[in-house]
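Chemist: The structure is given below, and queries will be raised subsequently.
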Amino acid sequence: MLQDKSSYITKTRVKYIFPLRYPVGDGSYVCVRGERVTLRCRTKCTVGLNPTCIWYKNGQRLTNTITSYNSLILEPISSEDAGNYSCAVEGFERILSPEETLTVRYGPKNTSVSVSPSGEIVEGSSVTLTCSCDANPPVDKYTWYKKNVTSPKASGQSYSITNIISEDRGEYYCEAQNRRGSMNSTALMVIVAGKQTSVLTAAVGITVVVLVLILCLPGLMWFRKKDSKPTSNTG
C-alpha cells in the first residue's frame, strides 16, 4: 500500500483541457474571460474503484464547485478564477499534485475618474483628473473626453487642466483600452467657481469704513459736547 502512495505522488497531476491555444510554459496556462475551462485530475495509478477528486486553489480547498468525472469546470471563467490549482484523491489529501497556474486575460473593468485636489475649483487654479481601472493585460491606452465635444481632450492616465476658466466646466470621462477590449468611465462633473476678488475687496472696504467710524466717533462726540457748553457773560 505504501508503494502505491509513492507511485501516486509521482504520477498524479492536473491536466489543462480546454482551450489549449494559450500555453505559457510548464505548469502555466492563459485563458480569456468568458470561456469554458476544464481542469482534470489524472493519475495512472489505481486508487480504489471510483476515486473522488478534491480540488485546491492557492492551497485552499474548493467547495461549491462544478465537477464532472474528476474534472473541475470553470464556466464562464472570470478574473477571480485566476490562481494556482492542484488536486488530490480523497483519502490521500496530504498528497497533492503539482500546481498549475491559470491566468485570465480580460478587458478593462471598474473604470473610474478621480480629481485632485478635491473641493471647490476656482478660476485660475489647476486640477488633475486620473483614470483608474482593473485590466489584464494592463491598460496600454487612456483617452480623455468631454461630453458634447467630438474630439478627444487628451491621452494618458492623467489629464491636467492648468489656469482653469469657466469654459472648462463640464462632464469629463476616460476610455481605458487594452488588447482584450475597452471601457468608458462614468462622467465626472467639473464645476468652476468664479474668482472671489470683487467680493473680497468689497468686504475689506466695508471693514475699513467701520473701523474708521469706531475710532473717530468718540472724538466727534467730545467736540460736539465741547461746542455745546453755554458761554458765561462777564460784563
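Chemist: Just to confirm a number: summing +1 for Lys and Arg and -1 for Asp and Glu over residues other than residue 144 whose beta-carbon lies under 15 angstrom from that of residue 144, what do you get?
Modeler: Numbers: positive: 141, 146, 147, 153; negative: 168, 171, 175.
Around residue 144, the surrounding residues sum to +1.
Chemist: Looking at the range 102-173, which GluC sites (Glu not before Pro) are in a loop (DSSP not H, G, I, E or B) and have at most 11 other Cβ atoms within 10 Å? The partial results should precede the final answer.
Modeler: Details: sites: 120, 123, 167, 171; in loops: 120, 123.
Counting only loop positions with at most 11 other Cβ atoms within 10 Å, the GluC sites (Glu not before Pro) in the range 102-173 are 120.
Chemist: How charged is the neighbourhood of residue 113? Take every other residue with its Cβ under 13 Å from the Cβ of residue 113, and add Lys/Arg as +1 and Asp/Glu as -1.
Modeler: Numbers: positive: 146, 147, 153; negative: 171, 175.
Result for the local shell: +1.
Chemist: With label points built 7 Å along Cα→Cβ from the Cα atoms of residue 78 and residue 101, find their separation and express it in nm.
Modeler: Label at residue 78, label at residue 101, 2.4 nm between them.
Chemist: Tabulate in residue order the Karplus-calculated ³J(HN,Hα) for the range 182-190, using 6.51 cos²θ - 1.76 cosθ + 1.60 with θ = phi - 60°, rounded to whole Hz; enter x for Gly and Pro.
Modeler: So the J values, rounded to whole Hz, are 8, 7, 8, 7, 6, 6, 10, 7, 9.
Chemist: Can you give me the long-range amide H partners of residue 72? Hydrogens built in the peptide plane at 1.01 Å from N, cutoff under 5 Å, separation of 5 or more residues or another chain.
Modeler: 39, 40, 41
Chemist: Test of understanding: extend the Cα→C-beta vector of residue 30 to 7 Å, then name every residue of the range 75-116 with backbone N under 20 Å from that spot.
Modeler: Only 77-85, 100-109 pass the distance filter.
Chemist: Let me ask something else. What residue among 155, 144, 183 has its Cα farthest toward the positive end of the dipole of the range 107-193, where the charges are +1 on Lys, Arg and -1 on Asp, Glu, each on the Cβ?
Modeler: Checking the options against the dipole of the range 107-193, the answer is 183.
Here, each number is a calculation from the coordinates, and none is a lab measurement. As the structure is a computational prediction, the values presented were derived from the model and not from experiment. Note that each Cβ is placed from the backbone with ideal geometry, even for glycine, and that neighbours are counted across all protein chains shown.
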